[in-house]
Amino acid sequence: MAEEEAGQGGESKLTVVLALAVNLAIAIMKAVAGVITGSAAILSEAAHSVADTFTEALLLTALRRSDRPADRKHPFGYGKERYFWSLLAAVSIFASGAMFAFYEGFRTVFGEAEEQTRPLVGYIVLGLAFAMESVSWAQAVRQVRRESKEQRRSIVEYLRLSDDPTVKTVFLEDSAALIGLTIAFAGVGLHQLTGSSVWDGVASLMIGVLLVAVAYSLARTNRDLLIGRQADPVMVRAIGARLREAPEVDAVVDLLSMLTGTDHVLLCARLDFDDSLGAADLERACVRIDGELRAEFPDLDEIFLEPVPRNDPAMRERVLSRYGFNL
């Protein structure tokens, strides 16, 4: 499992590093082309790539800091640092990308008409940027497809439930980059065909809306993970089934789980054990159950097994108020 986690972490780092290098090169190209052509859409795309570059730098920080081992100050480890830095990445996309795109769009649409210069430069740069961005996007797609296949989920379901925000962030921002380049190309083309810079401004506004949508999606995902989201529901149900199969367990009273990082899950199971068990029998049962769960579900990082009576009214009320049914 350690080798598998290292491999997944290495692939995530490769995906992020590749995206950073590509976006930095593209940002410079777009900025030069935007100045030469005077295109608001291309300048907005330059800001988009700058935001993506900052995003990748934040994601690399997330990968590095979240891998630190647990210590006395943080006994459950630093896994949630990945969610914090990924949340900042979403804010970066909104603050430095979307806001600049809106500014350029409103300035162009409602300001004085601007003459387009050397649109061919814009077409060439946008085409090169699309080709380069496709390389980073293809790497992100490969990782998403492989991991969704391993989890037997559709790509949409994988992106919704994934506990690794770095992969989702790169995939969504690269997808948005390709869409944004297409919008910018259309804006430059319509400006050239009609002679009206309004089309350029409209394209810039559309890029801003696109970036807001991506930033909101990523911020919402990382907010849920930071608050403390339940582990994979499929895994939680499987754990509940295994606990019920244990000969010493009469009933699973409550089952709590929380993601403490990518591939790290905290589990608290409240169990009604057979009343005939002695203290030593109960201890041995807990040790055995713990070992069996860890062997079958490697993502379990910390496991707490608490003996409780199933008919305790206060406990039952808490479970019912949380889930609406007894486990």
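Bear in mind these aren't lab numbers, they're just calculated from the coordinates by the rules spelled out. Because the structure is predicted, anything quoted here is derived from the model rather than measured. Cβ coordinates were reconstructed from backbone atoms using ideal geometry, including for glycine residues, and neighbour counts include every protein chain displayed.
Beta bridges from DSSP with both residues in region 233-323: antiparallel share about 60 percent, rounded to the nearest 5.
Considering only Leu271, Asn311, Thr221, and ranking their Cα positions along the charge dipole of region 202-327 that arises from unit charges at the beta-carbon of Lys, Arg, Asp and Glu, the one farthest toward the positive end is Thr221. Averaging the sequence gap over all C-alpha pairs within less than 8 Å and six or more residues apart, then dividing by the number of residues, gives the chain a relative contact order of 19 percent.
Secondary structure note: in the chain, about 60% of the DSSP beta bridges are antiparallel. Between Phe273 and Asp250, Val308, the built amide H atoms are under 5 Å apart, and every one of these is 5 or more places off in sequence or on another chain.
With a Cα cut-off of under 30 Å and a minimum spacing of 8 residues unless on different chains, the lysine pairs in the chain number 10.
With θ taken as phi - 60° and the Karplus curve 6.51 cos²θ - 1.76 cosθ + 1.60 applied, the whole-hertz 3J(HN,Hα) list for region 285-297 is 5, 5, 5, 5, 4, 4, x, 5, 5, 5, 5, 7, 10 Hz, x standing for glycine and proline. Note that region 208-220 has calculated 3J(HN,Hα) couplings of x, 4, 4, 5, 4, 4, 5, 4, 5, 4, 5, 5, 5 Hz, one per residue in order, obtained from phi through the Karplus relation 6.51 cos²θ - 1.76 cosθ + 1.60 (θ = phi - 60°); glycine and proline are x.
Sorting the segments 259-269, 281-291 by their residues' average number of neighbouring beta-carbon atoms within 10 angstrom, most packed first, yields 259-269, 281-291. Angle between the Cα long axis of helix 2-37 and the longest principal axis of the chain, 0 to 90 degrees, nearest 10? Roughly 20 degrees, rounded to the nearest 10.
Proximity of backbone amide H atoms, modeled 1.01 Å from N, is registered between Ser197 and Glu114 at under 5 Å, excluding neighbours fewer than 5 places apart on the same chain. Annotation: amide H of Ala231 within the under-5 Å range of Ser257, Met258, Leu259, sequence separation 5 or more or interchain, hydrogens built in the peptide plane. Backbone phi angles across region 135-141, fed through the Karplus curve with coefficients 6.51, -1.76 and 1.60 (θ = phi - 60°), yield HN-Hα couplings of 5, 5, 4, 5, 5, 5, 5 Hz in residue order; Gly and Pro are listed as x.
The charge dipole of region 2-227, taken about its Cα centre with unit charges on the Cβ of Lys, Arg, Asp and Glu (plus for the first two, minus for the last two), comes to roughly 540 debye. When both region 194-215 and region 71-112 are represented by their alpha-carbon centers, they are found 19 Å apart.
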